[in-house]
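Asks: First the structure, then my questions, so here it is.
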Amino acid sequence: MSSTPQRYCPPVRMGLAGLAVLVLLLAGGVAVWRSDERVEGRATEAGRGRVAERDAVRRSSAPERYRQLLARLEAAAADAGASEVDGQGLSAFHRITGSLESEDFAALLESGQGSAELRLKVLLAWAERDPRAAAEALARLGEMPPEASALLAGTWARQDLEAALGWGRGLPSGAERDGVLQALAGEAALKEPRVAIELLEELESSEESRATLSQAAGAWAGSDPEAAAAWALGLEEPVQREAALAAIATAWADRDPQAAAALVLESVGDGSIEENSIVGIVQRFAFRDPQAAREWVDQFPAGRTRERAEAELQRIASRAGR
């Protein structure tokens, strides 16, 4: 059995002189490091000082700066040509607000300067950029037009309906919350009709809420008329129920005019709503199949509804050159 020979390494011996040299080198390195640290520290302190000085100057000049900015915005908003857009589709007012940061919007609004109309325009311009920040600022502001929250909600909903709903539903009960929910329902009515209906069910019935409800019902009927009709038939308030049914029937008429007419005749009481709905259905029916529409109208009982329906058929035929 052979063994591998071990290589001999003589021990390293350091005399006093070598040890002294090593200590001197280490001391020099520490000194250089500490010197660099002091230089860097002084540079950092100087940088912080310059930033603080700049911020102090900016704060001292802020009131004048924002007064001038408000004056420019007021002029842009009042100018007859302010609505004219540039090559990028921006108005003079939005060209100015497009260069502002959140802190600028907040300072302009918190200054309390400018007309109520201008402050509202500034708030909505901010909401187009950062609706959550604008909403948070609105809660801190003093006097603002009463419609500010509702208009902000509409702006936010066009960007992110779900986030706007979360904010609106989190508001305390009262007129402001009701206005916000109404605005959100108005934005949701066409794209998210069932969401709009849920919002409106939380509010007291009003002319505006009934109009929005009818709009949402018609939009729902565009995709599922049977379900929309079943829901509308369950509404307790007669005026609201008939308006919703009429909107559903009008939308349903594009797919099945006779089913739509049956819904109106069976579920909507006599009166202008029924009459207008039937005439609207006849119009849609006539565009799709004028001969079938004529035969259908011929079955109507004598009266004002038949007269209006026949007049509508005649008008459509004249325009078509028939």
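Asks: Spot the failing condition for L138; the list is (1) surrounded by 15 or more Cβ atoms within 10 Å (Cβ to Cβ); (2) in contact (Cβ under 8 Å) with a residue 24 or more places away in the chain, and only one is missed.
Replies: Answer for L138: the failing condition is (2).
Asks: Something else about it: Any residue that is small (G, A, S), touching a residue at least 24 places away in the same chain (Cβ under 8 Å) and within 25 Å of A211 (Cβ to Cβ) - is there at least one of those in the range 290-300? So that I can check it myself, show each step before the final result.
Replies: Initial filter on the range 290-300 (small (G, A, S)): 292-293.
Filter once more, keeping what is touching a residue at least 24 places away in the same chain (Cβ under 8 Å): 293.
Those left that are additionally within 25 Å of A211 (Cβ to Cβ): none.
No; the residues of the range 290-300 include none that is small (G, A, S), touching a residue at least 24 places away in the same chain (Cβ under 8 Å) and within 25 Å of A211 (Cβ to Cβ).
Asks: Considering only residues that are among the hydrophobic types (A, V, I, L, M, F, W, C) and surrounded by 22 or more Cβ atoms within 10 Å (Cβ to Cβ), look in the range 201-228 and name the one that is nearest to A189 (Cα to Cα). Give the derivation first.
Replies: To start, the set of residues in the range 201-228 that are among the hydrophobic types (A, V, I, L, M, F, W, C) comprises 203, 211, 213, 216-217, 219-221, 227-228.
Subset that is surrounded by 22 or more Cβ atoms within 10 Å (Cβ to Cβ): 213, 216-217, 219-221, 228.
Working: L213: 8, A216: 4, A217: 8, A219: 7, W220: 9, A221: 12, A228: 13 Å.
So, considering only residues that are among the hydrophobic types (A, V, I, L, M, F, W, C) and surrounded by 22 or more Cβ atoms within 10 Å (Cβ to Cβ), the one nearest to A189 (Cα to Cα) is A216.
Asks: What do you reckon, is A228 under 17 Å from A262 (Cα atoms) and of a type outside the set (F, W, Y)? Even if it seems obvious, please write down each step before you answer.
Replies: Details: under 17 Å from A262 (Cα atoms): yes; of a type outside the set (F, W, Y): yes.
So A228 passes the test.
Asks: Across the range 182-200, what is the total count of residues that are closer than 15 Å to E162 by Cβ, surrounded by fewer than 24 Cβ atoms within 10 Å (Cβ to Cβ) and among the hydrophobic types (A, V, I, L, M, F, W, C)?
Replies: 1
Asks: A further question on this structure: Please go through the range 101-118 and give me each residue that is without any contact (Cβ under 8 Å) to a residue 40 or more places away in the chain, surrounded by fewer than 18 Cβ atoms within 10 Å (Cβ to Cβ) and not small (G, A, S), ordered by number.
Replies: E101, E103, D104, E110
Asks: Here is a further query. Say whether the condition of being among the aromatic types (F, W, Y) and not assigned by TED's automatic domain parsing to the domain that holds D256 is met by at least one residue in the range 162-171.
Replies: So far as the range 162-171 goes, yes, one or more of its residues are among the aromatic types (F, W, Y) and not assigned by TED's automatic domain parsing to the domain that holds D256.
Asks: Can I ask one more? Answer yes or no: is there a residue in the range 119-132 that is loosely packed, with under 15 Cβ neighbours inside 10 Å and modelled with pLDDT under 90.
Replies: Within the range 119-132, none of the residues are loosely packed, with under 15 Cβ neighbours inside 10 Å and modelled with pLDDT under 90.
The values are calculated or read from the model by the stated rules, or taken from the named source; none is laboratory data. Computed from a predicted structure; not experimentally measured. Counting neighbours? That spans all protein chains shown, and the Cβs are built from the backbone with ideal geometry, glycine included.
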